[in-house]
Structures are given as structure tokens and as C-alpha cells.
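The structure appears right after this line, and notes come after that.
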Amino acid sequence: MKKVIGIAGSPRRSGNSERVLDSVLKGVEIAGNYIEKIVIRDLNISPCNSCGGCYSSGICVINDDMQNMYSKLIEADGVIVASPLYFMGVSAQLKAFIDRFQSFWARKYLLNQPIRGGGIVSRGYFIATAARNGSEELFIGAIKTVKAFFHVSDTKYTGDLLCAGLEEKDALINTRPELLQQAFTAGKHFFQ
């Protein structure tokens with residue numbers, strides 16, 4: 001049994017990106033894996049204050065809910081990140097979470113310490129939703145951010161589900177229910 005962490009990055013509960021995430025996680029679970037969902041908005045996470053405290057130890061010195069998140073991601077075999085687009089990037093809540101992995105950057109590049117034991121790399125998947133319609137170009141900023149996050153945490157970017165044209169909270173259910181089936185299928189085949 002493999003462990004997959006789902007990260008809901010929306011400031012709104014049960015919105016489109018979280019519903020797509022839930023469908024992917026359901027598929028992962030049906031395939032016989034353990035899942036855990038982290039809802040960023042429910043955590044107390046301060047932004048990185050660029051103090052450099054992690055540069056000598058690889059450990060963030062800010063004492064908040066992030067301290068429990070680091071080990072969860074290190075132990076995960078897979079990480080699925082979901083966020084709505086805000087000004088062509090991920091949500092502010094998710095960006096604060098990602099920025100706090102500066103300590104992993106310090107560990108990896110300044111201290112030459114492994115993030116995971118034995119050079120293990122986890123699998124990463126990105127879910128993004130956008131209000132307006134558009135091509136994949138609409139998501140480029142968010143994809144670059146998530147790819148950088150995955151890279152620093154030794155997680156291989158294995159794919160994404162980019163969902164445009166979801167303006168209203170229930171747009172997914174009302175106008176694009178096929179995305180939920182697509183998400184479920186992606187979850188079932190996450191480790192294949």
C-alpha cells in the first residue's frame with residue numbers, strides 16, 4: 001500500500017479544485033492506496049520571512065502547522081496538489097505553503113543533504129481550475145510554481161489535470177461533470 005497526500009490549496013472549501021482533488025483521491029484509494037488530504041486554509045501557516053534560519057540546519061525556524069507538513073511529504077509516495085488560478089498562479093494560501101519549503105532548498109542545495117532517504121523520488125500530480133476559458137498557456141505560471149516545488153522535494157511531476165471555464169463554485173457539477181470521472185480515472189492509474 002502506497003501513501004498519497006492530497007493538498008487542497010483553495011481558500012474556499014468544496015469548490016471546483018477541491019472536488020476534482022477528491023475525485024482523484026477516491027481513485028487512488030480505490031486502487032488500494034492510503035490517502036490523506038491536507039486542507040491548507042484550515043492550517044496556521046505563516047509565509048516564509050526570508051530569515052535564513054534554515055540555511056545552516058535545513059530546518060525552518062518558524063513554529064506553526066508547517067512543522068507537521070514536512071514529514072508528511074517526505075514519507076509520501078505521491079503528492080497531488082490542487083489549486084484554483086489567481087492572477088495566473090496558485091492561490092496565496094498554497095503559495096505560502098510552497099514557499100516554506102525553502103528549508104528543503106537549503107537542505108538540498110546549501111547543505112547537500114538528501115530530502116528522502118536512498119534517493120527515493122515520489123510521484124507528483126497537479127490539478128488546476130480556472131474561471132475563464134483558455135488553452136494550457138493559461139496555466140503556465142501555476143505549473144512552473146508546482147514543478148519547482150516538486151523538484152525541491154524530490155517529487156517527479158507526472159502529469160496534470162487543467163480545468164478551464166469553471167467560474168462558479170458549482171460549475172464543475174453543473175457544466176463539466178465529465179471532469180470528475182476523468183479525475184477518478186487519473187487517480188486509479190496514479191501509480192501505473
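Taking a quarter of the surface of the Cα convex hull of the stretch 49-105, what do you get in nm²?
Values: hull surface 18.4 nm².
So the mean shadow area of the Cα hull is 4.6 nm².
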For q values of 0.11, 0.15, 0.25 Å⁻¹, compute log₁₀ I(q)/I(0) with the Debye formula on a Cα-only model of the stretch 95-192, without solvent. -0.43, -0.73, -1.29
The stretch 151-192: Cα Rg divided by the 2.2 N^0.38 Å rule of thumb: 1.46
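If you take all C-alpha pairs in the stretch 3-102, what percent of them are over 22 Å apart? Write out the running numbers ahead of the final one.
On the way: 1620 of 4950 pairs.
Beyond 22 Å sits 33 percent of the P(r) for the stretch 3-102.
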Compute the acute angle (0 to 90°) between the alpha-carbon long axis of helix 66-75 and the principal axis of greatest extent of the alpha-carbon atoms of the chain; round to the nearest 10°. 80
The answer for G159, listing residues at least 5 apart or on another chain whose modeled amide H is closer than 5 Å to its amide H, is F126
Selection from T158, Q181, A171 lying farthest towards where the dipole of the stretch 150-192 points positive, charges on Cβ: T158
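For the stretch 35-150, go through all pairs of different Cα atoms, get the mean of 1/r, take its inverse, and jot down that Kirkwood value in Å.
This gives a value of 15.2 Å.
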For the stretch 178-192, in residue order, the Karplus 3J(HN,Hα) values (coefficients 6.51, -1.76, 1.60; θ = phi - 60°; whole Hz; Gly and Pro = x) are 5, 5, 5, 5, 4, 5, 4, 4, 4, x, 4, 9, 4, 9, 9
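Given a cut-off of under 8 Å on Cα pairs at least six residues apart, what relative contact order in percent is computed for the chain? All intermediate terms of the calculation are to be shown ahead of the outcome.
On the way: 368 pairs, mean separation 57.6, N = 192.
Relative contact order of the chain: 30 percent.
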Treating the beta-carbon of each Lys and Arg as +1 and of each Asp and Glu as -1, no other charges, what is the dipole magnitude of the stretch 63-192 about its Cα centre, to the nearest 20 debye? 400
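Please compute the contact order of the stretch 126-192 in relative form: average sequence separation of alpha-carbon pairs under 8 Å and at least six residues apart, divided by the residue count, as a percent. Intermediate values should be presented prior to the final figure.
On the way: 52 pairs, mean separation 27.9, N = 67.
Answer for the stretch 126-192 is 42 percent.
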Options G52, N63, I40, ranked by Cα towards positive dipole end of the stretch 24-126, top entry (Cβ charges): G52
Whole-Hz ³J(HN,Hα) from phi, Karplus 6.51 cos²θ - 1.76 cosθ + 1.60, for the stretch 152-167, glycine and proline x: 5, 9, 6, 10, 7, 6, 9, x, 7, 10, 9, 10, 9, x, 10, 5
Expressed as an acute angle from 0 to 90° and rounded to the nearest 10, what is the orientation of the C-alpha long axis of helix 16-30 relative to the principal long axis of the chain? 80
Using a 10 Å Cβ count of at most 16 others and DSSP loop calls, identify the longest part of the chain lacking such chymotrypsin sites (Phe, Trp or Tyr not before Pro). 88-190
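Please list, by residue number, every one of the trypsin sites (Lys or Arg not before Pro) in the stretch 93-156 that is coil in DSSP and has at most 14 other beta-carbon atoms within 10 Å. Display every interim value, and only then the final one.
On the way: sites: K95, R100, R107, K108, R116, R123, R132, K144, K147, K156; in loops: R100, R116, R132.
Here the sparse-neighbourhood loop sites are R132.
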Value of [θ]222 nm, deg cm²/dmol, for the chain, DSSP H segments ≥ 4, -39500 (n - 2.57) each, nearest 500: -10000 deg cm²/dmol
Compactness index (Cα Rg / 2.2 N^0.38 Å), the stretch 110-165: 1.39
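Any read-out appearing in this document is the output of simple, stated calculations on the displayed coordinates, not a laboratory observation. None of these values were measured; they are calculated from a predicted model. Every residue, glycine as well, gets a Cβ built from its backbone with ideal geometry; the counts of neighbours run over all protein chains shown.
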